[in-house]
1. Check Lys157 against each of (1) touching a residue at least 12 places away in the same chain (Cβ under 8 Å); (2) in a loop (DSSP other than H, G, I, E, B); (3) open to solvent by 40 Å² or more (accessible area, probe 1.4 Å) and name the one condition it does not meet.
2. Here's a check for you: in region 70-109, which residue that is polar (S, T, N, Q) and within 29 Å of Gln175 (Cα to Cα) is modelled with the lowest pLDDT?
3. Looking at (1) at pLDDT 95 or above; (2) out of contact with any Leu (no Cβ under 7 Å at 6 or more places or on another chain), which one does Asn219 not meet, given that it meets all the others?
4. Looking at Glu27, Glu47, can you tell me which residue is within 26 Å of Asn262 (Cα to Cα) and either in contact with a His (Cβ under 6 Å, 6 or more places away or on another chain) or not in a loop (DSSP other than H, G, I, E, B) (or both)?
Amino acid sequence: MNDETDHHTVTAPKIPTEDGLKFPLDEYQASEQEQEALDGAQAILTEQCMERFGFKYAPSVNTSTSTGHRHAGVFGILDMEIAARYGYGRQAETVPQAEAASPRSEDEQVALSGANDLTLEDLPMSQEEAERRGGSEQKINGRRVPVGGCTRESFLKLYARTPDAIDLLYVFSLQRDAESAALADSRIKNVNKLWSACMKKKGFVASDPMKAADQLGFNDNTASPRAINAAKKDVTCKQQVNLAATYFDVQSIYQNRTIHANIKTLDVAKRQLKERIKIAESLVS
């Protein structure tokens, strides 16, 4: 897949930040807002399932940090203001931590997750299969618990209602394959060398702009004065060699090639995504 017959001269404009960046395969994935709706819908489906067994379900709150957009950091650090404030750290919004939930009873845990000795082979792969099997051997309040519990049921009802559902990671896998092919492309290797030479002139030795913090020894102290200085030089060098635009253009070439080779399956995935979003919107509205 690393044939380089397309677009030997990259033509993308300079990219100041990743805000609003859109790769070709993004069309086949949920947007940030859509994914938020899907996550909310799955929580509601889990809650409805748990209520059947007499339990009140409170989904865990995501306390991870958010950078605000899908492709944050895809080209390393690009924003001079962020580099000057955070170095190789990330400007992120921290979600407040909720009060710790009280421990679940054994029955409640079984209702949520199913038997604790389940393997992947034990799980139904679609909601149709789950309904055909009729549930697990575990019963709570006279009702058979779904195989894999309410967590599995909510996933299947939203993401795999029928056996022909495209794997949730299918598009992500194509994206990673295209990215790997792009990294082996001579245009990416060349811009990396230009960036590395620029950094060396400024007193920092690194060969891979995507691993700069690690190669420069800043993983444990990403916001030290020296790390901030290096991050600022990093941004300057990326701008000088037009690194982000080169990465974007070359990765887009390989993603478009991947789309062309897998268009039939991707069209099905896109249709199924729209169906899931409709279900999600009906649940969270």
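The values are calculated or read from the model by the stated rules, or taken from the named source; none is laboratory data. Please read all numbers here as calculations on a predicted model, not as lab measurements. Cβ sites come from the backbone with ideal geometry, for glycine too, and all protein chains shown count toward neighbours. Accessible surface is based on the protein model in full, side chains and every heavy atom, while ligands, DNA and RNA are left aside. Shrake-Rupley method; radii C 1.70, N 1.55, O 1.52, S 1.80 Å.
1. With (1) touching a residue at least 12 places away in the same chain (Cβ under 8 Å); (2) in a loop (DSSP other than H, G, I, E, B); (3) open to solvent by 40 Å² or more (accessible area, probe 1.4 Å) applied to Lys157, the lone miss is (2).
2. Filtering region 70-109 for residues polar (S, T, N, Q) gives 91, 94, 97, 102, 105, 109.
Okay, now just the ones that are also within 29 Å of Gln175 (Cα to Cα), so 91, 94.
On the way: Gln91: 55, Thr94: 50.
Only one residue fits best here, namely Thr94.
3. Every condition holds for Asn219 apart from (1).
4. Values: Glu47 fails: within 26 Å of Asn262 (Cα to Cα).
Of the residues listed, the single one that is within 26 Å of Asn262 (Cα to Cα) and either in contact with a His (Cβ under 6 Å, 6 or more places away or on another chain) or not in a loop (DSSP other than H, G, I, E, B) (or both) is Glu27.
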